[in-house]
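Asker: Okay, here's the structure, questions in a sec.
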Amino acid sequence: MDYRSIFQDAVDQLHSEKRYRVFANLERIVGKFPRAIHRSGGSAREVTVWCSNDYLGMGQNENVIAALCEAAGKMGSGAGGTRNISGTNHPLVELELELSDLHGKEAALVFTSGFISNEASISTIARLLPNCLILSDELNHSSMIEGVRRSGTEKKIFRHNDLEHLEELLRAADPDRAKLIVFESVYSMDGDIAPIEAIADLADKYGAMTYIDEVHAVGMYGTRGGGICDRDGLADRIDIIEGTLAKAFGALGGYITGPRAVIDAVRSYAPGFIFTTALPPAMAAAATTSIRHLKTSQTERQQHQQQAQKTKDVLLDAGLPVMPSQTHIVPILVGDPELCKRASDRLMDVHGIYIQPINYPTVPRGTERLRITPSPFHDDALIHALRDALIEVWDTLGIALTTETSTSVVNSDRVVQLTVNKSGG
């Protein structure tokens with residue numbers, strides 16, 4: 001058997017569908033965020049990054065970097081192994097205490113990434129619940145879908161943010177059966193928000209547990225940066241709150257918070273936690289410093305919301321197809337995978353602006369887009385430069401300048417996503 005050709009054919013298929021991913025060679029510059037050095041073909045130049053998930057620029061915060069360097073100088077670069085083998089480094093103990101306090105929960109557990117925290121936690125919780133039925137939003141992230149799949153339990157997919165459909169599925173289930181509702185607060189591709197309180201009401205009514213992914217909200221919403229649940233005073237209504245340290249907090253890792261018994265069960269039963277090397281002490285110290293800062297400082301959040309809204313307003317006023325978004329996510333519809341890649345390439349090559357194209361399967365076919373994430377450091381001059389560059393690219397490539405198209409395509413595609421979105425998890 002020609003094994004190599006099998007893999008080459010798989011890659012060639014991505015090329016033929018215009019879905020082959022190219023990763024930009026970027027070097028971020030501390031003190032100049034969102035500027036970075038782009039290296040390509042032996043040359044290097046500064047560009048402006050408009051799609052980073054370091055939403056608040058905390059990855060370049062002086063105190064966060066200092067905490068990382070100090071911990072590395074004292075304890076070294078790595079964790080030394082799994083927590084079962086090497087013990088839990090003290091900065092990680094402090095981090096978990098900080099996270100449980102952030103969300104008002106009894107306990108927290110840190111993983112090496114947000115993907116692993118979702119995959120390991122959802123699969124373990126569902127397996128431990130007898131005859132569990134998982135109810136999963138159709139637009140849940142791939143990590144949540146993988147957790148649902150690995151649980152081996154029955155699943156039902158409810159239409160995105162559709163309370164009537166969710167209740168229909170809950171009503172049809174055995175009242176005495178264990179049920180777990182898994183959903184996100186902020187959906188990162190469209191920028192919409194789940195009806196958290198209403199979902200919690202349904203969970204109470206039908207005796208279900210709730211698991212929410214707040215990775216695109218922690219640090220950025222709420223009086224202390226606890227996410228949408230913090231902002232809306234709903235943290236006590238949700239059983240498990242999952243988050244990341246790698247986006248607004250500017251570090252690395254994922255986590256869950258919740259009742260001590262649940263957290264301890266995941267710690268004790270989840271292979272994705274037990275057999276994985278722990279987060280290094282330096283990274284834990286950096287994350288803790290960032291969380292503590294954002295618990296008290298409103299400056300970053302206020303400036304972030306201001307610049308995100310200004311970006312939306314400026315691009316909409318220019319007639320660009322800004323897709324509807326309730327949050328800091330600013331999606332610009334292209335609607336074609338090849339054009340999306342060409343638009344991204346032209347922005348980089350001609351204008352020195354980096355925005356990664358978002359194509360299927362991350363989003364459904366026909367809704368390919370550029371996903372823009374303004375930060376407090378994207379000032380008005382950068383926003384206007386982005387507008388001018390997008391107009392030039394849209395004109396040159398002949399992409400439609402209309403917001404009506406973006407609204408109709410997104411709305412008409414909801415049903416399709418039931419099957420498209422990463423294997424229907």
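The values are calculated or read from the model by the stated rules, or taken from the named source; none is laboratory data. Keep in mind that this is a model prediction, so the values were computed, not measured. Don't worry about glycine lacking a Cβ; one is built from the backbone with ideal geometry, like all the others, and counts go over all protein chains shown. Note: areas computed on protein heavy atoms with side chains; ligands, DNA, RNA excluded. Shrake-Rupley method; radii C 1.70, N 1.55, O 1.52, S 1.80 Å.
Asker: What are the residues in segment 115-137 that are surrounded by 23 or more Cβ atoms within 10 Å (Cβ to Cβ), within 20 Å of Tyr269 (Cβ to Cβ) and not hydrophobic (A, V, I, L, M, F, W, C), if any?
Answerer: Ser117, Asn118, Glu119, Ser121, Ser123, Thr124
Asker: Residues that are assigned to a helix (DSSP H, G or I), among the hydrophobic types (A, V, I, L, M, F, W, C) and more than 25 Å from Phe377 (Cβ to Cβ): does segment 311-319 have at least one? Explain how you work it out, then say what you get.
Answerer: Narrowing segment 311-319 to residues assigned to a helix (DSSP H, G or I): 311-317.
Filter again for among the hydrophobic types (A, V, I, L, M, F, W, C), leaving 314-316.
Next cut, more than 25 Å from Phe377 (Cβ to Cβ) only: none.
No, there is no match, as no residue in segment 311-319 is assigned to a helix (DSSP H, G or I), among the hydrophobic types (A, V, I, L, M, F, W, C) and more than 25 Å from Phe377 (Cβ to Cβ).
Asker: Which condition number in (1) open to solvent by 40 Å² or more (accessible area, probe 1.4 Å); (2) within 20 Å of Leu279 (Cβ to Cβ) is the one that Asp232 fails?
Answerer: Result: Asp232 fails condition (2) only.
Asker: Name the residues in segment 180-193 that are touching a His at 6+ places or on another chain (Cβ under 9 Å) and of a type outside the set (Phe, Trp, Tyr), would you?
Answerer: Answer for segment 180-193, where residues must be touching a His at 6+ places or on another chain (Cβ under 9 Å) and of a type outside the set (Phe, Trp, Tyr): Glu184, Ser185, Val186, Ser188, Asp190, Gly191, Asp192.
Asker: Taking the conditions exactly as written (closer than 26 Å to Leu252 by Cβ, in contact with a strand residue (DSSP E or B) (Cβ under 8 Å, 6 or more places away or on another chain) and not in a strand (DSSP E or B)), does Ala343 satisfy them or not?
Answerer: Working: closer than 26 Å to Leu252 by Cβ: no; in contact with a strand residue (DSSP E or B) (Cβ under 8 Å, 6 or more places away or on another chain): yes; not in a strand (DSSP E or B): yes.
For Ala343, the condition - closer than 26 Å to Leu252 by Cβ, in contact with a strand residue (DSSP E or B) (Cβ under 8 Å, 6 or more places away or on another chain) and not in a strand (DSSP E or B) - is not met.
Asker: Now for a separate question. Consider segment 361-379. How many of its residues are over 15 Å from the mean Cα position of the chain (by Cα) and either part of a strand (DSSP E or B) or polar (S, T, N, Q) (or both)?
Answerer: Of the residues in that region, 4 qualify.
Asker: Conditions first: (1) open to solvent by less than 50 Å² (accessible area, probe 1.4 Å); (2) without any contact (Cβ under 8 Å) to a residue 24 or more places away in the chain; (3) closer than 18 Å to Ile256 by Cα; (4) not hydroxyl-bearing (Ser, Thr, Tyr). Gly147 passes all but one, so which condition is the exception?
Answerer: (2)
Asker: Continuing with this model, one more query. Which numbered condition in (1) open to solvent by less than 40 Å² (accessible area, probe 1.4 Å); (2) in a loop (DSSP other than H, G, I, E, B) is the only one that Ala71 fails?
Answerer: (2)
Asker: A follow-up question, please. Among the residues of segment 88-95, is any modelled with pLDDT of 95 or more, under 19 Å from Thr244 (Cβ atoms) and open to solvent by 50 Å² or more (accessible area, probe 1.4 Å)?
Answerer: Yes, that holds for at least one residue.
Asker: Another question, then. What pairs can you find where one residue is in segment 326-349 and under 28 Å from Met220 (Cα atoms), the other is modelled with pLDDT of 95 or more and open to solvent by 60 Å² or more (accessible area, probe 1.4 Å), and their Cβ atoms are less than 8 Å apart, with a gap of 6+ or different chains?
Answerer: Cβ pairs passing all conditions: His328/Gln305.
Asker: I've got another one for you. Taking segment 174-224, which residues are open to solvent by less than 10 Å² (accessible area, probe 1.4 Å) and touching a Pro at 6+ places or on another chain (Cβ under 7 Å)?
Answerer: Selection gives Gly191 alone.
Asker: Moving to a separate point now. Do any strands (runs of 3 or more DSSP E) entirely within segment 1-49 hold 3 or more residues that are loosely packed, with under 13 Cβ neighbours inside 10 Å and out of contact with any Leu (no Cβ under 6 Å at 6 or more places or on another chain), and if so, which?
Answerer: Because the criterion is at least 3 residues that are loosely packed, with under 13 Cβ neighbours inside 10 Å and out of contact with any Leu (no Cβ under 6 Å at 6 or more places or on another chain), the strands (runs of 3 or more DSSP E) in segment 1-49 that meet it are 43-49.
Asker: Report yes if Ser77 is in contact (Cβ under 8 Å) with a residue 40 or more places away in the chain, of a type in the set (S, T, N, Q) and open to solvent by 80 Å² or more (accessible area, probe 1.4 Å), otherwise no.
Answerer: On the way: in contact (Cβ under 8 Å) with a residue 40 or more places away in the chain: yes; of a type in the set (S, T, N, Q): yes; open to solvent by 80 Å² or more (accessible area, probe 1.4 Å): yes.
Against the criterion (in contact (Cβ under 8 Å) with a residue 40 or more places away in the chain, of a type in the set (S, T, N, Q) and open to solvent by 80 Å² or more (accessible area, probe 1.4 Å)), Ser77 qualifies.
Asker: Shifting gears a bit: Residues that are at pLDDT 95 or above, among the aliphatic types (A, V, I, L, M) and closer than 25 Å to Val22 by Cβ: does segment 396-418 have at least one?
Answerer: yes
Asker: Filter segment 161-170 for residues that are assigned to a helix (DSSP H, G or I), under 25 Å from the mean Cα position of the chain (by Cα) and closer than 22 Å to Ser142 by Cβ and give the result.
Answerer: Pass one, segment 161-170, residues assigned to a helix (DSSP H, G or I): 163-170.
Checking which are under 25 Å from the mean Cα position of the chain (by Cα) leaves us with 163, 165-166.
Scanning segment 161-170 gives His165, Leu166.
Asker: Yes or no: Arg342 open to solvent by less than 30 Å² (accessible area, probe 1.4 Å) and of a type outside the set (Ser, Thr, Tyr)? I'd like the intermediate steps shown before the answer.
Answerer: Values: open to solvent by less than 30 Å² (accessible area, probe 1.4 Å): no; of a type outside the set (Ser, Thr, Tyr): yes.
No; evaluated as a whole, the condition is false for this residue.
Asker: Right, something else. Among all residue pairs at least 6 apart or on different chains, which show Cβ distances below 9 Å where the first residue, located in segment 9-20, is within 16 Å of Glu368 (Cβ to Cβ) and the second is among the hydroxyl-bearing types (Ser, Thr, Tyr)?
Answerer: Leu14/Tyr20; Glu17/Tyr360; Arg19/Tyr360
Asker: Quick one: which strands (runs of 3 or more DSSP E) sit completely within segment 171-273 and have at least 3 residues that are in contact (Cβ under 8 Å) with a residue 60 or more places away in the chain? Don't jump to the end; show me each part of the working.
Answerer: On the way: elements: 179-184, 209-213, 240-244, 254-258.
Ranges flagged: 209-213, 240-244, 254-258.
Asker: Shifting gears a bit: What's the number of the only condition in (1) surrounded by fewer than 22 Cβ atoms within 10 Å (Cβ to Cβ); (2) on the phi > 0 side of the Ramachandran plot; (3) among the small types (Gly, Ala, Ser) that Gly250 fails to meet?
Answerer: Unmet for Gly250, out of (1) surrounded by fewer than 22 Cβ atoms within 10 Å (Cβ to Cβ); (2) on the phi > 0 side of the Ramachandran plot; (3) among the small types (Gly, Ala, Ser): (1).
Asker: With in a loop (DSSP other than H, G, I, E, B) and either surrounded by fewer than 16 Cβ atoms within 10 Å (Cβ to Cβ) or touching a residue at least 12 places away in the same chain (Cβ under 8 Å) (or both) as the only criterion, which of Asn140, Asn63, Asn84 stands out? Working first, answer last.
Answerer: Working: Asn63 fails: in a loop (DSSP other than H, G, I, E, B); Asn84 fails: in a loop (DSSP other than H, G, I, E, B).
The unique qualifying residue is Asn140.
Asker: How about segment 284-334: which of its residues are buried (at least 16 other Cβ atoms within 10 Å of the Cβ), closer than 25 Å to Arg371 by Cα, over 18 Å from the mean Cα position of the chain (by Cα) and charged (D, E, K, R)?
Answerer: Once the filter is applied, which keeps residues that are buried (at least 16 other Cβ atoms within 10 Å of the Cβ), closer than 25 Å to Arg371 by Cα, over 18 Å from the mean Cα position of the chain (by Cα) and charged (D, E, K, R), segment 284-334 yields Glu300, Lys310, Lys312.
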